[in-house]
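Colleague: Quick one: the structure is below, questions incoming.
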Amino acid sequence: MDSWRNLNTTIFFLALLIFTSSFLVVFSFFEVEVADASSAPPRVLSYQGRLADANGDLLGGSSGTTFYFRFSIHDASTGGTRLWPSGTACSHARVAREGVFTAGIGDTAECADVLDFNFQSELFIYDD
């Protein structure tokens, strides 16, 4: 009886070893991506805004109206120095519907300003 128990125990551990090895071999083919904190930030920032007049009424209506926007990044919420772009900001022609618009800051299909600002160099930045 003990010989059967030893044989069964040996077969069990052998099967466990084969299963574990097979598992490791199969999953060694899968790559795991780990986010790298030092990876570059996106070159296009998706920005969504809301337009309203002085009375709080949303602009653009349901059919939409084209408005022109210029975006820049500053080192203070008021005044301060403009950090990006280095020259005059180009115009984004964006449609606002029911007051809502979106813009791709740095999207050269919308305007010529390439988003080359180093976001890791500044602790606080403000858009305008």
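Colleague: 7 Å from Cα along Cα→Cβ at both residue 98 and residue 9: what's the point-to-point distance in nm?
Modeller: My value for the distance between the label points is 7.2 nm.
Colleague: Turning to a different aspect of this structure: Please work out how much length the chain gains when fully extended from residue 47 to residue 120, using 0.36 nm per residue of separation minus the C-alpha to C-alpha distance, in nm with one decimal.
Modeller: Going from the current span to full extension adds 24.3 nm.
Colleague: Right, next: Could you sort 54-65, 89-100, 72-83 so that the peptide with the highest average Cβ count within 10 Å comes first and the rest follow in order?
Modeller: So the order, starting with the most tightly packed, is 89-100, 72-83, 54-65.
Colleague: As a test of reading the structure, rank 113, 107 by solvent-accessible area (1.4 Å probe, protein chains only), most first.
Modeller: Reading off the accessible areas and sorting them downward yields 107, 113.
Colleague: Taking R0 as 22 Å, what's the FRET efficiency between residue 109 and residue 59 from their Cβ-Cβ distance, rounded to 0.05?
Modeller: That gives a FRET efficiency of 0.40.
Colleague: Let me ask you something else. How big is the charge dipole of segment 47-128 about its Cα centre, in debye rounded to the nearest 20, if each Lys and Arg gets +1 on its Cβ and each Asp and Glu gets -1 on its Cβ?
Modeller: That gives a dipole near 160 debye.
The values are calculated or read from the model by the stated rules, or taken from the named source; none is laboratory data. All values derive from a computational prediction rather than experimental measurement. Reconstructed Cβ throughout: ideal geometry from the backbone, glycine too, with neighbour counts over all protein chains shown. Side chains are part of the model used for accessible areas, which takes the heavy atoms of the whole protein and leaves out ligands, DNA and RNA. Shrake-Rupley method; radii C 1.70, N 1.55, O 1.52, S 1.80 Å.
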